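Chemist: Here you go, one structure.
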Amino acid sequence: MHYLCNRTGKSIDITMDINEIRSKHKLLRRWEYKWTPLDKGYTDKSLYINVGTIDIKEKDIPLAMKEKFIGGKGYGLRYLWDATRPETKWNDPENEIVISSGPIGGITQYSGTGKSLVVSVSPQTDSIMDSNVGGFFGPFLKFSGFDALELQGKSARDVIIFINGVDHYVEIFEAPAEALDSHLLAEQLTEMFADNDSDKKNIGVVSAGSAAEHSLIGMLNFSFYDPKRKKVRLKQAGRGGIGTVFRDKKIKAMVCKIPGVKGNLNNVVDLEAIMERGRRFNREMRELDDKQCRMRKVGTAHLMEVMDDHDLLPTHNYKFGSHKDSPKIDSAVWTSFFTQGIPDGCWIGCNMACSKAVDDFVLSTGPYKGQSVMVDGPEYENAAGLGSNGGFFDPRYIIEANFYCDTYGICTITWGTCLAFIMECYENGILNKERTGGLELTFGNIPPALELLHQVARGEGFGKIAGQGVRRMKKIFAENGWGDPAFMQDIGMENKGLEYSQYMSKESLAQQGGYALTNKGPQHDEAWLIFMDMVNNHIPTFENKAEALHYFPMFRTWFGLVGLCKLPWNDVEPENNAETDEPAKVPEHVDNYVTIYKAVTGRPFDKVRMIEDSERVYNFQRVFNIRRGYGRRKDDDQPYRACGPVTVEEYESRASRYDKQLKEKIGFDPAGKSTAEKMKVLRKYREAQYDSLRDAVYKRRGWNSNGIPTIEHLRKIGMDFPEVIAVVKDLQ
Ligand code: SF4
């Protein structure tokens, strides 16, 4: 079997086979360690690897760090803070990639318990990025003896890191012959490091891909082995360009191998309590999933028609929220593409099993043209981002783009939003064939869209610009005098330098905050309030919205501290959930999590402490951004496209809605007024609303009017380390 190397253009035989590839390895360092088994979810050890100095060592995790930062993102932030200076750039050797799961990560008796958080200084935002991911590596790292992994330094040549949790050593070796793109590399390394076929389930691989090398939007793929398909599959730590950092360090891949997953490897204090909650949840999945979200059949892609029906599905760069052709890419279509009847969990024991895949898909373009591949996804974000948002309603195109984004190592959400921006620029004359190197990048035009993606991977042509992300594209286009900077600012869907994920926030003020009043930028993992706010009108006042924008980001942060997937929290709900006091919080599932945390760690815990633990870490991340010159009010500005209609076309497509709002909410009579006049009044109102929301949220979060946590608040929540106070004391 051959593939075309993106860099050399040469055909490489991947059956060159594993032994031959391995023979090209050059061992740079081997470090042996004494294995520490897990106790109550922790080893209290971390692994430090510097690929520049080829230094490898372990560190003890102090009790104080464990108590304040819990694990996962908390550990990542703490280590990154200590490793970097305020002026450290993403491509400085001292920047780190920190990977950590959390105390619950790796149990198998409840669904969604295998997540890891990856933290780094982002090439896109220059602030602190975190990205959550499934797959095997995070839990396997724990089973190998480490709660967290710090990667620092820059290698001169491509290296692979091998963590052997069976014989307890770590190796760094030069690895020139392996493929770079993830679908091949993960297969090769799984084959190489497994003792035999049945051992493949004990290998976890982290890799990026060729586009991660040539762009700022690179992502990491974490593998998991699918024993039914007998294939290596991929989950993504997508946001913010951490794959770019990985490749800048010249890390080709990391491999972790363990003896196996069985029994009670986390050595929890009360396994039966976890199993009991696990059985309850599994019953809900069996009895309710088909009636509710159909996660086991279609994954998050079930949202396609729900979003379209509520005018929330981004189409044509977030101009509109629905499209006549959206049935061509709705959940029925995806159900027919996804192989059914296979338990698609990205971690062992997950009964939600939403990681659906398309098997035997024949690629029509690119270096793997003509090959039959398995494609992980599309999930909702892929289908909307790569699909409707770029005006694409051909499912086969979406699957192909999804495959290439994954294997090239770029974030599908980011790429979808970048491409949509490019297409709107093209349709407005900001771009043209001359400027794009001959690519006619209009909405829905498939061949040039795929060619552009391949260019990003090859680091060629307009692909070099497209892979910089929306914020830098706006700057480049403006510097070249190609378009009006104010218009590009309005339509370029990024905040803090990160591209928006795939929901329309125009009609939900709370979701505007859920996107832009975040630490890392507009990703829906902090707060997804559209239904509560817009559809159900459950949080009508600024104070209600501010309360939701306090509780939900804190609550959701907790998943990233302990190693949990958020989807089982509310993608199936207990039958009586609507009758509870606070249905949006899904109280029974929160109680499951409280029970599980106590049962793993043996620590006293309740739902109040859950929020307190998160609030400390959340504020630490805010202060970390402030230390780097961000995290202020201006950094929470949103593009107007996230808030209201930028163009006449947009306004007029929903004229009755906007006219009604002018009349009823603003007291402005639209009769006889031009669209331009009406747009101006609406914009002034909506921007003022967002500013008032920002004030209310800052107040609720204990921040001053510039978005800086007050010293009093930091003391109250126990995040008053001297180095933290030093950052904010002159900004009070
Ligand atoms: S719910 Fe889906 S994403 Fe979450 S752990 Fe299970 S399979 Fe993975």
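The values are calculated or read from the model by the stated rules, or taken from the named source; none is laboratory data. Keep in mind the model is a prediction, meaning the values are calculated, not measured. Backbone-built Cβ (ideal geometry, glycine too); neighbour counts: all protein chains shown. With ligands, DNA and RNA removed, areas are computed over all heavy atoms of the protein, side chains included. Shrake-Rupley method; radii C 1.70, N 1.55, O 1.52, S 1.80 Å.
Chemist: Using only the Cα atoms of the range 16-152, construct the convex hull and provide its projected area averaged over every direction, in square nanometres to one decimal.
Modeler: Approximately 10.5 nm², given one-decimal rounding.
Chemist: Could you give each residue of the range 305-319 its phi-based ³J(HN,Hα) in whole Hz, using Karplus coefficients 6.51, -1.76, 1.60 with θ = phi - 60°, and x for Gly or Pro?
Modeler: Once θ is set to phi - 60°, the couplings for the range 305-319 become 6, 4, 5, 4, 4, 9, 6, 10, 7, x, 10, 6, 6, 6, 5 Hz.
Chemist: So, with a 1.4 angstrom probe, what is the percent of accessible area on the chain that is carbon and sulfur?
Modeler: Answer for the chain: carbon and sulfur cover 50 percent of the accessible area.
Chemist: Checking the a/c ratio against 1.5 first, then a/b against b/c, what shape does the Cα gyration tensor give for the range 69-120?
Modeler: Cα axes put the range 69-120 in the prolate bin.
Chemist: If you put +1 on each Lys and Arg Cβ and -1 on each Asp and Glu Cβ, how big is the dipole of the chain around its Cα centre, in Debye rounded to 20?
Modeler: Magnitude of the dipole: close to 1080 debye.
Chemist: Okay, moving on. Between LYS40 and LYS716, what is 0.36 nm times their sequence separation minus the Cα-Cα distance? Round to one decimal in nm.
Modeler: So the chain would gain 240.5 nm between LYS40 and LYS716.
Chemist: State which helices in the chain qualify, where a helix is a whole DSSP H run, it must extend 24 Å or more along its own axis by its Cα atoms, and its mean Kyte-Doolittle hydropathy must be at least -1.0.
Modeler: 542-562, 607-627
Chemist: Continuing with this model, one more query. Quote the convex hull volume per residue of the chain, based on C-alpha atoms, as a whole number of Å³.
Modeler: Cα-based convex hull of the chain, divided per residue, equals 144 Å³.
Chemist: A further question follows. Please compute one quarter of the surface area of the Cα convex hull for the range 287-365 and express it in square nanometres. Numbers along the way, then the final one.
Modeler: On the way: hull surface 28.0 nm².
Taking a quarter of the hull surface, the average projection is 7.0 nm².
Chemist: Roughly what % of Cα-Cα distances in the range 238-342 sit above 19 Å, to the whole percent?
Modeler: Everything past 19 Å amounts to 70 percent.
Chemist: Given the pairs LYS607/LYS665; LYS319/LYS433; LYS291/LYS545, which are separated by over 28 angstrom at their Cα positions?
Modeler: Values: LYS607/LYS665 38 Å; LYS319/LYS433 23 Å; LYS291/LYS545 30 Å.
Over 28 Å apart, Cα to Cα: LYS607/LYS665; LYS291/LYS545.
Chemist: 7 Å from Cα along Cα→Cβ at both ALA688 and ASP637: what's the point-to-point distance in nm?
Modeler: Each label point lies 7 Å from its Cα, and together they span 2.0 nm.
Chemist: How much mean residue ellipticity at 222 nm does the chain get from its helices, if each DSSP H run of length 4 or more adds -39500 (n - 2.57) and you divide by all residues, to the nearest 500 deg cm²/dmol?
Modeler: Only helices count here, giving -11500 deg cm²/dmol.
Chemist: HN-Hα J couplings of the range 338-353 from phi, Karplus 6.51/-1.76/1.60, θ = phi - 60°, integer Hz, Gly and Pro as x?
Modeler: Result, ordered by residue: 6, 5, 9, x, 10, x, 9, x, 8, 9, 4, x, 7, 7, 6, 6 Hz.
Chemist: While we're looking at this one, here's another question. Going highest first, how would you order 637-649, 205-217, 395-407, 426-438 by mean Cβ packing within 10 Å?
Modeler: Top of the packing list down: 205-217, 395-407, 637-649, 426-438.
Chemist: Here is a further query. Sort all Cα-Cα distances of the range 398-530 into consecutive 5 angstrom bins from zero, then give the percent of pairs in each bin up to the one containing the longest distance.
Modeler: Pair shares across the bins are 2, 11, 20, 22, 19, 15, 9, 3, 0.
Chemist: If the chain between ASP591 and GLU191 were fully stretched, how many nm would it gain, using 0.36 nm times the residue separation less the Cα-Cα distance?
Modeler: 139.9 nm
Chemist: At what distance in angstrom do the alpha carbon centres of the range 518-565 and the range 155-211 lie from each other?
Modeler: Here the two parts' Cα centres lie 37 Å apart.
Chemist: Just to confirm the filter: which trypsin sites (Lys or Arg not before Pro) across the range 249-310 are DSSP coil and have at most 14 other Cβ within 10 angstrom of their Cβ?
Modeler: When the trypsin sites (Lys or Arg not before Pro) of the range 249-310 are filtered for loop state and at most 14 Cβ neighbours within 10 Å, LYS262, LYS291 remain.
Chemist: OK, next. Subtracting the Cα-Cα distance from 0.36 nm times the residue separation, let me have the gained length for LYS24 to LYS291 in nm, one decimal.
Modeler: Extending this stretch completely gives an extra 90.8 nm.
Chemist: Measuring from label point to label point, each 7 Å out along Cα→Cβ, what is the SER653 to GLU427 span in nm?
Modeler: About 0.7 nm, to one decimal.
Chemist: Using the crude model of +1 on Lys and Arg Cβ and -1 on Asp and Glu Cβ, and no other charge, please compute the dipole size for the range 22-158 relative to its Cα centre, in debye to 20. Numbers along the way, then the final one.
Modeler: On the way: 20 positive and 17 negative charges, 106 e Å.
In total the dipole reaches around 500 debye.
Chemist: Looking at the square roots a ≥ b ≥ c of the eigenvalues of the Cα gyration tensor of the range 81-148, which shape do they give, rounded for a/c under 1.5, prolate if a/b is larger than b/c, or oblate?
Modeler: Prolate is the answer for the range 81-148, as a/c is 1.5 or above and a/b outweighs b/c.
Chemist: Grab the beta carbon distance between LYS324 and LYS660, set R0 = 25 Å, and tell me the FRET efficiency rounded to 0.05.
Modeler: 0.60
Chemist: Give the Rg (one decimal place) followed by the Dmax (whole number) of the range 239-288, computed from C-alpha coordinates and expressed in Å.
Modeler: Reported Rg and Dmax, both Å: 18.9, 48.
Chemist: How big, on average over all directions, is the shadow cast by the Cα convex hull of the range 138-194, in nm²?
Modeler: That works out to 4.6 nm².
Chemist: Relative contact order of the range 412-489, please, whole-number percent, based on alpha carbon pairs below 8 angstrom and at least 6 residues apart.
Modeler: RCO, the range 412-489: 27 percent.
Chemist: Which of the peptides 583-590, 535-542 is most tightly packed, and how do the rest follow, going by the mean number of other Cβ atoms within 10 Å of each residue?
Modeler: Highest-to-lowest ranking by the protection proxy: 583-590, 535-542.
Chemist: What relative contact order, as a whole-number percentage, does the range 576-732 give when Cα pairs under 8 Å and 6 or more residues apart are counted?
Modeler: The normalised contact order for the range 576-732 reaches 24 percent.
Chemist: Still on this structure, I have one more. Label ALA83 and GLU543 with points 7 Å out from Cα along Cα→Cβ: what is the distance between them in nm?
Modeler: If labels sit at ALA83 and GLU543, their model points lie 4.4 nm apart.
Chemist: Lysines within cross-link reach of LYS59: Cα-Cα under 23 Å, excluding same-chain residues under 8 positions apart?
Modeler: Those lysines meeting the cut-off are LYS34, LYS40, LYS45, LYS68, LYS73, LYS115, LYS142, LYS154, LYS249, LYS257.
Chemist: How big is D for the range 105-182, in µm² s⁻¹ as a whole number, if Stokes-Einstein is applied with the Kirkwood radius of its Cα pairs at 4 °C and 1.567 mPa s?
Modeler: My calculation gives 87 µm²/s for D.
Chemist: Using the Kirkwood radius over Cα pairs, work out the Stokes-Einstein diffusion coefficient for the range 604-701 at 20 °C and 1.002 mPa s, in µm²/s as a whole number.
Modeler: 131
Chemist: For the peptides 665-677, 149-161, what is the packing order when you average, over each peptide's residues, the other Cβ atoms within 10 Å and list the highest mean first?
Modeler: 149-161, 665-677
Chemist: Shifting gears a bit: Taking the Cβ-Cβ separation of GLU272 and GLU434 as r and a Förster radius of 60 Å, what is the calculated FRET efficiency to the nearest 0.05?
Modeler: 0.30
Chemist: Now for a separate question. Taking the Cα centre of the range 510-578 as the origin, how large is its charge dipole in debye, to the nearest 20, when only Lys and Arg (+1) and Asp and Glu (-1) carry charge on their Cβ atoms? List each step's numbers first, then the result.
Modeler: Details: 4 positive and 8 negative charges, 50 e Å.
Computed about the Cα centre, the dipole is about 240 debye.
Chemist: Turning to a different aspect of this structure: Per residue, how many Å² of accessible area does the range 545-693 show with a 1.4 Å probe?
Modeler: The answer is 39 Å² per residue.
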